[in-house]
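Scroll down for the structure; my scribbles are underneath it.
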Amino acid sequence: RMAMIRLDKLLSSAAGLTRSDAKRKLSSGAVTVDGETVKSGSCKADPGVQRVLLDGRPLLYREHLYLLMNKPLGVVSSTDDPRSPTVLGLVPAPLFRRGLFPAGRLDKYSTGMLILTDDGDFAHRLVAPRKHLPKVYEVTLDAPVLTPALVGEFAKGVYLGGGERSSPALLEPLSALRARVTIYEGIYHQVRRMFDQNGAKVTALRRVRIGGLALDPSLPEGGCRELTGGELRALFALQNPEPEGTP
Ligand code: URA
């Protein structure tokens, strides 16, 4: 059961309005609770039980939001950037609220599965290195380096340059220039660096799975929707699988 919440707070968290915009909307009569116009932000309602409408449309109230995005090329996964569009700009208005951020990143020129939330504890569980949540990427390379020897190298962990090493990773060749790569941490530019060190440039990189949840193939690039409860649980269902060769 949801608790009573002030209407100005509800408008800011469920509709992304600033305090002053919420106040303006309320005093203009745009908000109804069970059919009655309510003009004061200090009035309370229970959005789990009562029907709260803004401009005639129901407000979506959640304590926290958990969104799945299929990130397109050229968009940065940070909350603001002076030069490039950000993933936050792709969140549809009814799902947007202040405090949303990407839980884990994808490079500007990577695509695929990205989780956004305003729940810091959840985001931490998703990216905490000691959880070893697997992340699966499909890569396209510019050189045919996908030998059994390289598969063996990945299984031992790969030197990334800059004094850094990956933990054991799974490399599954799909064709001469395409492969699936599973990694268990998220070091800066990790997958690109794993191939850079082994004679190939990554020309396309798409994340297709995090933990036990695969990217929804029906979600178009640039699409964004709420995760279901089942999907949220699935994310964490594959925790701590020790990849082969882990010391
Ligand atoms: N590894 C990379 O190099 N880039 C990404 O976006 C994700 C993993």
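The values are calculated or read from the model by the stated rules, or taken from the named source; none is laboratory data. Everything numeric in this text was worked out from a predicted model, so none of it was measured. So basically every Cβ, Gly included, is an ideal-geometry build from the backbone, and we count neighbours across all protein chains shown. Ligands, DNA and RNA are excluded from the accessible area calculation, which covers all protein heavy atoms including side chains. Shrake-Rupley method; radii C 1.70, N 1.55, O 1.52, S 1.80 Å.
How much of the calculated P(r) for the chain lies past 35 Å, in percent of all Cα pairs? Walk me through the numbers on the way to the answer.
Details: 8227 of 30381 pairs.
Percentage above 35 Å: 27.
Determine how large the accessible area of Tyr66 is when every protein chain is in place; take a 1.4 Å probe and give Å² rounded to the nearest 10.
40 Å²
Summing -39500 (n - 2.57) over the DSSP H runs of n ≥ 4 in the chain and dividing by its residue number, what mean residue ellipticity at 222 nm do you reach, to the nearest 500 deg cm²/dmol?
Working: 6 runs with 49 residues, N = 247.
Result for the chain: -5500 deg cm²/dmol, rounded to the nearest 500.
Skipping prolines and chain starts, which residues have an amide H placed within reach, meaning under 5 Å, of the one on Val91, given they are 5 or more residues away or on another chain?
Distant-sequence amide H within range of Val91: zero hits.
Can you give the local net charge around Pro92? Use residues other than it whose beta-carbon is closer than 12 angstrom to its beta-carbon, Lys and Arg +1, Asp and Glu -1.
Residues near Pro92 contribute +1 overall.
Keeping all protein chains in position, work out how much accessible area Met4 exposes to a 1.4 Å probe, and write it in Å² to the nearest 10.
Only protein atoms counted, so the area is about 100 Å².
For the chain, give the percent of accessible area contributed by carbon and sulfur heavy atoms, probe 1.4 Å, rounded to a whole number. Let's see the in-between values first.
Values: 6670 of 12480 Å².
About 53 percent, which is the carbon plus sulfur part of the accessible surface.
Exposed loop sites here are GluC sites (Glu not before Pro) in DSSP loop states with at most 10 other C-beta atoms within 10 Å. What is the longest stretch of the chain lacking them?
Numbers: sites that count: Glu63, Glu244.
Maximal segment without exposed cleavage sites: 64-243.
Give me the accessible area per residue for region 135-196, probe 1.4 Å, as a whole number in Å².
Numbers: 2800 Å² over 62 residues.
Normalised by residue count, the accessible surface of region 135-196 is 45 Å².
Just flag the trypsin sites (Lys or Arg not before Pro) in region 1-74 sitting in loop per DSSP whose Cβ has no more than 15 other Cβ atoms within 10 Å.
Working: sites: Arg1, Arg6, Lys9, Arg19, Lys23, Arg24, Lys25, Lys39, Lys44, Arg51, Arg62; in loops: Arg1, Lys39, Arg51, Arg62.
Those satisfying the criteria are Arg1, Lys39, Arg51, Arg62.
Can you grab the distance from the C-alpha centre of region 1-57 to the C-alpha centre of region 149-219, Å, no decimals?
47 Å
Amide H to amide H under 5 Å from Thr111: which residues, 5+ apart in sequence or cross-chain, H placed 1.01 Å off N in plane?
Leu205, Arg206, Arg207
Can you tell me which lysines have their Cα less than 21 Å from the Cα of Lys39? Leave out same-chain residues fewer than eight positions away.
Cross-link targets: Lys9, Lys23, Lys25.
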